[in-house]
Amino acid sequence: MAEPASVGAAFMNVFRRELGFAWRSLLVWLIPGMAMIGLTVSMQPEMSKEGSLFAAKLDMVPKEVLVAFGVQGADFGDPASTLATNFTIYELIGAAFAGILGATVLAKEEAFGTGEMLYTMPVSRRTIVLAKVAAGLVLVGLFALGLAGATLGTFAAIGVTLIRPAVVAAMFAVAGALFATMFALGMLITVRSSRPRNATSTALGLIFGLYGINVVGALNDSLAGLRALSPFRYAEAAQVVKAGGLPGGTLVLMVVALAAIAAACLLFERKDIHA
Amino acid sequence: MSTITLEHLTKLYPGGRGVRDLDLVVERGEVLGFIGPNGAGKSTTIRTMLGLIAPTAGCARILGLDARVAGPAVWARVGYLPSEPRLYDGMTVGAILEYLGRFFETDTSARRRVLAEMVELDLSRRAEDLSIGNKKKVALVAALQHTPEVLILDEPTSGLDPLIQARFFEVIQEERARGTTVFFSSHVLSEVERLCDRVAILRDGAIVELARVVDLQARQVKRVRVRLDPADAAADLLALAGVRDPVRDGEGLSFVYRGDVKRLLGALAGVAVIDATIEEPSLEEIVLSHYGKGGGDG
């Protein structure tokens, strides 16, 4: 009589498969991200030299616009502060990668029709979901680490000494928390979907919708309350620079991520699998 | 001892489609044909049995266990061949089967190789390069590599060429000889007639017939072919109660007759018959005589 593999062995089987499936996707997103952040960081000496000029120009921009795009309080003499002025771009790239990864991590088995075989293997759905989540979190973590590596490597290569290295580390840590949150929310919104093939577009809609809420909330005082709903609000690099380390919003992101993963797991266990 | 039990199993979808109040027992070592036209609810029944979808009411048990509750303990003892198996693109057949085999405690590699040889499956080919037939071969090996006690086959031969179909039948016959319980869904009745001990007929989401294949074949249903004098319209013959699906072709007339043979012979005596053949019908004709031809849309 055939016996099921242990839970740990089944978990590792799915985990390894997921990493094997997604590493190319990680590279496709990460390499351009690393190139972009490296290129931007390499301009730090010029930014520092022309800092007063940039600061004067930013002074002419309404404060709401600076807040909306995360460039308030910039000090171009501080590499961490300069990095914070364009950090939103990398957060958006990472959030898109993480959101799509999360939205497709379960949906792809149904969209490709492989779920019917996988979910009749002797392993519980919970084990499968947790293994996929673990692999997804490793991948989004690697994305944040890759960006951090490109940043620190470029600073070192151009001979820029970080005044506040802990702040730079905290920026990437918060970005990692944001990516994990977007991964979890992507998974949650597609877990009950009857159209798994639409998972990628659904995820992109979610990501840019949540980013838009943060921008609109900053630009319009009457809609300021909406910002609380956007994970981007809690991952603003300018807030990290201001706080000098991890802001309280990091905890909010982690709680939201864990809650979304738990909810997705519970919903998926009850889901009807049609393919 | 029963291996598969359905008790008032019901799964309803919006719009009223689905299966209703299915009661069925499949004994250990039995090969049960589960037949019905496309859309009758065969795949819904199987997916509900396997716990892929939740029943609206009732329950299904395999080896005494409900797959929605006992999951892995059931799936470890079951081999399932989906009607349209899909594989992981970018992986070789060998890698896919190894991946699926690792969900079992026992080493499945030796049996995997034997099965792959039996169905002439090239383990080095990539999934995206495979034809439907070869994908079904992969799914069959995946379903059998852990030597299951129960084999659930959903339309296993649809879309296959006759040579591969014959190979599939050989493998299923071997499983049968080994004592495996087989739940065989099909809309091709001749397959069921060839392989199965009993047959359950599903129509519009309900089991309308459950009988041994030999008993179905022994029913008073006959295939009648007559050649008539062209001048004879044969209206009396066609008006006979129990005549179904008449087909006129020049002098020829064929139909399925269900009823008293003496009455049939009496009716034949009353028309200008040049030649007549009365024979045992195929299982398909027996079932269609029960269904009516229009019953195939459910």
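No lab work stands behind these numbers, since they all come straight from the coordinates. Fair warning: this is a prediction, and the values are worked out from it, not measured in the lab. A quick note on method: Cβ atoms are made from the backbone with ideal geometry, for glycine too, and the neighbour counts reach across all protein chains shown.
Of all segments of chain A bounded by trypsin sites (Lys or Arg not before Pro) found in a DSSP loop with no more than 15 other C-beta atoms within 10 Å, the longest spans A:1-191. For the options B:L202, B:L153, B:L237, a Gaussian network treatment of chain B with springs between C-alpha atoms closer than 10 Å singles out B:L237 as fluctuating the most.
Rounded to the nearest angstrom and listed largest first, the equivalent-ellipsoid semi-axes of the range A:151-256 from its Cα gyration tensor are 29, 18, 12.
Evaluate the relative contact order of chain B (contact order divided by residue number), counting alpha-carbon pairs under 8 angstrom at least 6 apart; express in whole percent.
Here the relative contact order equals 21 percent.
Distances over 17 Å make up what percent of all Cα-Cα pairs in the range B:183-260? Value for the range B:183-260: 59 percent of Cα pairs lie more than 17 Å apart.
Each Cα pair under 8 Å and six or more residues apart adds its separation to the average, and for the range B:11-164 the resulting relative contact order is 25 percent. Comparing A:L162, A:L137, A:L145 in a Gaussian network model of chain A (Cα springs below 10 Å), the most mobile by mean-square fluctuation is A:L162. Going through the range B:1-52, which GluC sites (Glu not before Pro) have at most 16 other Cβ atoms within 10 Å and a DSSP loop state? Qualifying residues, ordered by number: none. Basic side chains Lys and Arg get +1 at the Cβ, acidic Asp and Glu get -1 at the Cβ, and with that the dipole of the protein assembly as shown about its Cα centre reaches some 1000 debye.
Panel note: the C-alpha atoms of the protein assembly as shown, placed on their principal axes, show extents of 114, 53, 40 Å (largest first). Cβ-to-Cβ counts within 10 Å put A:H274, B:H8, B:H146 in ascending order as B:H8, A:H274, B:H146, the fewest first. With the simple spin-label model, which puts each label point 7 Å out from Cα in the Cβ direction, the A:A259 to B:E105 separation comes to 4.1 nm. Modelled this way, with points 7 Å down the Cα-to-C-beta line, the labels at B:F169 and A:L39 are 6.5 nm from one another.
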